[in-house]
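Note sheet for the following structure.
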Amino acid sequence: MSKLEATLELHIKALKLPAPKTEYKFHPKRRWRFDFAWPDKKLAVEVEGGGWVNGRHNRGQGFANDMEKYHEAMDL
């Protein structure tokens with residue numbers, strides 16, 4: 001779990017929100033996971049890192065892959 005994810009988890013607990021499922025696998029064929037999910041509410045949260053850190057999700061292909069994941073999630 002990243003530092004940002006741990007911070008969000010602390011806020012969720014502090015606010016006494018329902019506990020989410022973490023690393024929730026949502027797609028029947030792909031290995032995609034959501035950082036946090038409340039499947040019964042059809043709600044998912046992905047914690048995105050900084051925009052200027054040159055991480056995997058900020059580069060062109062990584063961003064395109066994330067968009068594919070989000071699109072598939074909406075279709076499901």
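Please treat every number below as a calculation from the coordinates, not as lab data. None of the values given here were measured: they were computed from a predicted structure. Every residue, glycine among them, receives a Cβ derived from its backbone with ideal geometry; neighbour counts consider all protein chains shown.
Could you please report the charge total around residue 28, scoring K, R as +1 and D, E as -1 over all other residues with beta-carbon less than 14 angstrom from its beta-carbon? Can you show the working numbers first?
Values: positive: 25, 29, 30, 31, 33, 69; negative: 72, 75.
That sum, taken over residues with Cβ under 14 Å, equals +4.
Just give me a number: lysine pairs in the chain, eight or more positions apart or cross-chain, with C-alpha atoms less than 26 Å apart.
Going through the chain pair by pair, I get 26.
Can you tell me what percent of all Cα-Cα pairs in the chain are more than 17 Å apart?
Considering the chain, 50 percent of its Cα-Cα pairs are separated by more than 17 Å.
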